1. Residue by residue through segment 99-106, what is 3J(HN,Hα) from phi via Karplus (6.51 cos²θ - 1.76 cosθ + 1.60, θ = phi - 60°)? Round to whole Hz and write x for glycine and proline.
2. Identify which of 36, 133, 254 has the largest mean-square fluctuation in a Gaussian network model of the chain, with springs joining Cα atoms closer than 10 Å.
3. Below 8 Å, C-alpha to C-alpha, sequence gap of six or more: please give me the relative contact order for segment 3-291 in percent.
4. In segment 1-81, what GluC sites (Glu not before Pro) fall in a loop by DSSP, with at most 16 other Cβ atoms inside 10 Å?
5. At a Förster distance of 41 Å, what's the computed FRET efficiency of residue 22 paired with residue 232, Cβ-Cβ distance as r, to 0.05?
6. Residues with beta-carbon under 12 Å from that of residue 55, excluding residue 55: net charge, scoring Lys, Arg +1 and Asp, Glu -1?
7. Quick check of the Kirkwood formula: for segment 236-288, what is the inverse mean of 1/r over all pairs of different Cα atoms, in Å?
8. Net charge near residue 284, counting Lys/Arg +1 and Asp/Glu -1 over other residues with Cβ under 13 Å of its Cβ?
Amino acid sequence: MDQKRVLGILGGSGVYAMNALENVERATVDTPWGSPSDQLVHGQLCGVEVVFLARHGEGHAIPPSDVNYRANIDAMKRAGVTDLISLSACGSFREDLAPGTFVIVDQYIDRTTKRASSFFGPGFVAHVSMAHPVCPALGEAAEAACKALDIPYARGGTYLAIDGPQFSSLAESNLYRSWGCDVIGMTNMPEAKLAREAELPYATVAMVTDYDCWHEEEGPVEVSRILEVMKQNTANGARLIEKLAEKLGPTRTPSPLGIETCLDHAVITPPEKRDPAMVKKLSVIAGRFLKG
C-alpha cells in the first residue's frame, strides 16, 4: 500500500544546508537520548516533504565520535521521516574511485569503539539483522539520479567506519585495502545500525574526496586538498538530492527488505520483563512494535 514519503537527509562534511528547499521551517527537537546535532530543517523539494539535519552541526563544530547518533535518528523518526539518505565525505581505497566519485554503498565494516551503537539495552533487548544494511530501493533511486545528472558514481561498495578524528596510518590504509574495503569514513556507523533499529530504510551516498594515504602518487591526506574537492562534491550533492526527490516522488511503498517491520523479528525480551523506563525511551523508535 502506498504511503506518504518523508525524505530525511543527513548532511555530512560540506553539506550543511539545502538551499533548494521550499516552505522552509526550522524545529528544535528534544529526544530521550539528548539533543541532535542541530535544528531539523523542514521543507519541500520536487513535491516531496524533506527533513534535513546537518550531522556535524552549524559550522562543523561536532567531531565524528561526538555526534549524538541516537538523538539524530530519534529526531528524524519523530519528524515522521520514512526514508533516510546519508551524504558523507569519504576516502577511497580503489584507483578507479577517484575524488569526485559518488559511491552508493551497500555494506559496512564498523571499526568504531567510542560510540553508543544501539537504542536497546538492559531491560529491553533486541538484535536486528544487518546482513543487508542498505535499502535497495533507495540505492536504485540514487543510482538513477547520478546517471541523470552525469555524476561519476559506483553502485555498491563497502564502507569502513573508523572513530577518527585522525586519518589512517599507512599500515592501516593498506590493511583495510587488503580486506576488500572500498571507501573509508568516520560517521556512517553506528548511524546505519540505529536507522535499522528505528525501522528506517537507509542508504549512503559516499562522496570521495581523497585516496586516504595508500596512493603513492597522491601522498598523505591533507584537509586543505580535501576542501578543494569538497566544494564540487557539495554542489553535486545538492543536485543529487533534488533529482533523488524527483525520482522517489511523494508516495512510497515498503522497502523490499521489510525494514519497516524488522523489530517483529528482533525483540527478545517479553512484555512482562521489559523495563518501563526503557519502554518509555523507546516509545518513538519502537512505537509501531510496542503498539502492535
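1. Along segment 99-106, the couplings run x, x, 7, 9, 9, 8, 5, 10 Hz.
2. Comparing 36, 133, 254 in the GNM, the peak value goes to 254.
3. Details: 631 pairs, mean separation 76.5, N = 289.
RCO, segment 3-291: 26 percent.
4. Numbers: sites: 22, 25, 49, 58; in loops: 58.
When the GluC sites (Glu not before Pro) of segment 1-81 are filtered for loop state and at most 16 Cβ neighbours within 10 Å, 58 remain.
5. Numbers: r = 25 Å, r/R0 = 0.61.
FRET efficiency, residue 22 to residue 232: 0.95.
6. On the way: positive: none; negative: 38, 58, 66, 191.
Computed value for this residue: -4.
7. On the way: mean 1/r = 0.0695 Å⁻¹.
Value: 14.4 Å, from the Cα pair sum.
8. Numbers: positive: 70, 77, 78, 280, 281, 288, 291; negative: 30, 74, 197, 199.
Neighbour charge sum, excluding residue 284 itself: +3.
Each value in this text was obtained by applying a stated rule to the coordinates, not by laboratory testing. Just so it is clear, the structure is predicted and the values come from calculations on it, not from any experiment. FYI the Cβ positions are ideal-geometry reconstructions off the backbone, even for glycines, and counts take in every protein chain you see.
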